[in-house]
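Participant: Structure below; questions to follow.
The values are calculated or read from the model by the stated rules, or taken from the named source; none is laboratory data. Just so you know, these numbers come straight off a predicted model, no measurement behind them. Positions of Cβ are backbone-derived with ideal geometry, glycine not excepted, and every protein chain shown enters the neighbour counts. The protein model used for the area step is the full one, side chains on, heavy atoms only, and it has no ligands, DNA or RNA in it. Shrake-Rupley method; radii C 1.70, N 1.55, O 1.52, S 1.80 Å.
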Amino acid sequence: MSRSDPPFLSYGRQHITDEDVAAVAEVLRSDFLTQGPAVPQFEGALKALTGAPHAYAMANATAALHLSCLALGLGPGDLTWTSPNSFVASANCALYCGADVDFVDIDPVSFNMSAEALEAKLEAAEGAGRLPKVVIPVHFAGQPCDMGKIGALAQRYGFRVIEDASHAVGAMLGNMPIGACADSDIAVFSFHPVKIVTTGEGGAALTRDPAVAERLELLRSHGVTRREALMSGPSEGDWYYEQVALGFNYRMTDIQAALGTSQLTRLDTYLRRRHALAALYDARLAGLPLTIPTRLPGRYSAFHLYVVQLDDPALRRPVFDALREARIGANVHYIPIHLQPFYRALGFAPGDFPNAEAYYARAITLPLHPQMSDGDVDRVVECLTGALA
Ligand SMILES: *Cc1c(COP(=O)(O)O)cnc(C)c1O
């Protein structure tokens, strides 16, 4: 790297203000670094954002997905379906519970799980007597899935729904915020630094169902309770607790939660900037041999990712390399989960989910995060234009 090299432009990154630092410092000087007031405060902010009556902050979204599967009773012999176009955690969570995983191919326009493919697969599975217990749609790049249709199928076929909303904090489906769980049992957010708002590591599970909420709360903290109503008999005193389930320590710290609450105050600003940058990309990329992201009507994306599809898959590698050479942090989201060696060893193979595979072959994620300048977009587009010429 020479002095004149431009700074590396990452595909996503956190934005931390002095207010964030002050909020974290305040917790560090307080009595509680964990299990204090900052976690319930953050959970209150998540409930206010989404309208979900229950929200549980967790160590990360992967932990929240794991507990969500357990809270819905997923276990050995059960089946879970998710999207192949996601991070591996969307599928791993079911394997943690001893359940089996299968995938539903994506829609070639939204790159989300296709509700039509889901319906067809459910029909076939009913015939074969092997319906899923839990389906996990993923709001890819922040654009909501067709939850109305998925919810209706859940009613008809009797499965439960966990929204992997890791990309979709602040997204809307019609007038309904993602996380409201209008058509699902649980929604899961991630607060990893590349996501919409951050807590360092962090996640949350939101639900409307009080029984599910009780399980999530219990399993987050060792399966231990101090609530007499959940105990086998009367409490023996103020010191007394009972372990009534096999839980985990998946708690978020107060340090992290304070950061999250502070970050959420800027959610609207972040989303507006993401949309403005996406619109700038749209305009600048017009005429290039690629397809820009489709915005479906009635859906407000959180725009976690800006993904373009190159017309010619043979150019994906050279274009990617050229961007990286220019210190532009292009990325690829996602390698289809079923093509990972671990999943191939379970029996999956190339050709199983052709839409996800065709999408992957042509996909490039361009940098998009709220601190980027309009000039950064120009720099990316200039490099991309040159590489495609
Ligand atoms: C980031 C992500 C996760 C995992 O989130 P962590 O908070 O890092 O555990 C799960 N699913 C999707 C779709 C993600 O993008």
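Participant: Give me a comma-separated list of calculated 3J(HN,Hα) values for the range 320-331, in order, Karplus coefficients 6.51, -1.76, 1.60 applied at θ = phi - 60°, integers in Hz, x for any Gly or Pro.
Facilitator: Karplus-based 3J(HN,Hα) across the range 320-331 equals 4, 4, 5, 5, 5, 4, 8, 6, 10, x, 4, 8 Hz.
Participant: In addition: Can you tell me what share of the DSSP beta bridges in the chain is antiparallel? A percent to the nearest 5 is fine.
Facilitator: Roughly 65 percent of the beta bridges in the chain run antiparallel, per DSSP.
Participant: Using θ = phi - 60° and the Karplus form 6.51 cos²θ - 1.76 cosθ + 1.60, what ³J(HN,Hα) does each residue of the range 215-225 get, whole Hz, x for Gly and Pro?
Facilitator: 5, 4, 5, 5, 5, 5, 10, 6, x, 9, 10
Participant: Which whole-number percent gives the relative contact order of the chain, counting Cα pairs below 8 Å spaced six or more residues apart?
Facilitator: Result for the chain is 23 percent.
Participant: Sticking with this one: Can you give me the long-range amide H partners of HIS54? Hydrogens built in the peptide plane at 1.01 Å from N, cutoff under 5 Å, separation of 5 or more residues or another chain.
Facilitator: Amide H neighbours of HIS54, under 5 Å, 5+ apart: THR207.
Participant: Could you identify which residue out of LYS133, LYS195, LYS121 has the top mean-square fluctuation in a GNM of the chain using Cα springs shorter than 10 Å?
Facilitator: Fluctuation is largest for LYS121.
Participant: Does the range 9-85 come out rounded, prolate or oblate by the C-alpha gyration tensor, with a ≥ b ≥ c the root eigenvalues, rounded set by a/c under 1.5 and, if not, prolate when a/b is larger than b/c and oblate if not?
Facilitator: Prolate is the answer for the range 9-85, as a/c is 1.5 or above and a/b outweighs b/c.
Participant: Treating each Cα of the range 28-135 as an identical point scatterer and ignoring solvent, apply the Debye formula and state log10 I(q)/I(0) at q = 0.19 Å⁻¹.
Facilitator: -1.04
Participant: I would also like to ask the following. Determine ³J(HN,Hα), in whole Hz, for all residues of the range 117-127 in sequence, where each value follows from phi through the Karplus function 6.51 cos²θ - 1.76 cosθ + 1.60 and θ = phi - 60°; x replaces Gly and Pro.
Facilitator: Whole-Hz 3J(HN,Hα) from phi for the range 117-127: 5, 4, 4, 5, 5, 5, 4, 5, 5, 5, x.
Participant: Still on this model: Compute the separation of the alpha-carbon centres of the range 198-232 and the range 57-121 and state it in Å as a whole number.
Facilitator: 20
Participant: Rank these residues by their accessible area, most exposed first, probe 1.4 Å: THR269, THR198.
Facilitator: Result of the area sort, largest leading: THR269, THR198.
Participant: Right, next: Would you work out the relative contact order for the range 192-315, in percent, from Cα pairs under 8 angstrom that are 6 or more residues apart?
Facilitator: Computed value for the range 192-315: 23 percent relative contact order.
Participant: Once label points are set 7 Å from the Cα along Cα→Cβ at both ALA25 and ALA120, what is their separation, rounded to one decimal in nm?
Facilitator: Inter-label distance under the simple model: 5.9 nm.
Participant: Let me ask you something else. Under 1.5 on a/c is rounded, so check that first for the range 264-319, then, if it is not, pick prolate when a/b is larger than b/c and oblate when it is not; a ≥ b ≥ c are the square roots of the alpha carbon gyration tensor eigenvalues.
Facilitator: Judged from the Cα gyration tensor, the range 264-319 comes out prolate (a/c at least 1.5, a/b above b/c).
Participant: I would also like to ask the following. If the cut-off is 22 Å between C-alpha atoms, which lysines fall inside it for LYS47, apart from same-chain ones fewer than 8 positions away?
Facilitator: LYS195
Participant: Moving to a separate point now. Considering only C-alpha atoms, what is the centroid distance from the range 336-357 to the range 252-311, in Å?
Facilitator: When both Cα centres are located, 28 Å separates them.
Participant: Taking only DSSP H segments of four or more residues, each worth -39500 (n - 2.57), what value at 222 nm results for the chain once the sum is divided by all its residues, to the nearest 500 deg cm²/dmol?
Facilitator: My calculation for the chain gives -11500 deg cm²/dmol from helical runs alone.
Participant: List the lysines whose alpha-carbon lies under 19 Å from that of LYS149, not counting same-chain residues fewer than 8 positions away?
Facilitator: LYS149 reaches LYS121, LYS133.
Participant: At 7 Å along the Cα-to-beta-carbon direction for both ASP312 and THR17, put a label point, then send me their distance in nm to one decimal.
Facilitator: Using points 7 Å along Cα→Cβ, the separation is 4.6 nm.
Participant: Once the Cα gyration tensor of the chain is found, what semi-axes does its equivalent ellipsoid get, as square roots of 5 times the eigenvalues, in whole Å, sorted largest first?
Facilitator: After scaling each eigenvalue by five and taking roots: 36, 28, 17 Å.
Participant: Using the C-alpha gyration tensor of the range 328-389, what are the square roots of 5 times its eigenvalues, in whole angstrom, with the largest one first?
Facilitator: Over the Cα atoms of the range 328-389, the semi-axes work out to 32, 13, 8 Å.
Participant: Expressed as a whole percentage, what fraction of the accessible surface of the range 31-174 belongs to carbon and sulfur atoms when a 1.4 Å probe is rolled over the protein heavy atoms?
Facilitator: 55
Participant: What number comes out for accessible area per residue over the chain if the probe is 1.4 Å? Units Å², please.
Facilitator: Dividing the accessible area of the chain by its residue count gives 42 Å².
Participant: Could you please state how large a percent of the accessible area of the range 328-389 is carbon and sulfur, counting protein chains only and using a 1.4 Å probe?
Facilitator: Ligands and nucleic acids excluded, carbon and sulfur give 56 percent.
Participant: If amide hydrogens are placed 1.01 Å from N in the peptide plane, which non-local residues have theirs closer than 5 Å to the one on ARG160?
Facilitator: VAL134, VAL135
Participant: Continuing with the same structure: Classify the range 158-311 from the C-alpha gyration tensor, please: rounded if a/c falls under 1.5, else prolate or oblate depending on whether a/b exceeds b/c.
Facilitator: Here the range 158-311 falls in the prolate category.
Participant: Would you work out the relative contact order for the range 29-151, in percent, from Cα pairs under 8 angstrom that are 6 or more residues apart?
Facilitator: Answer for the range 29-151 is 22 percent.
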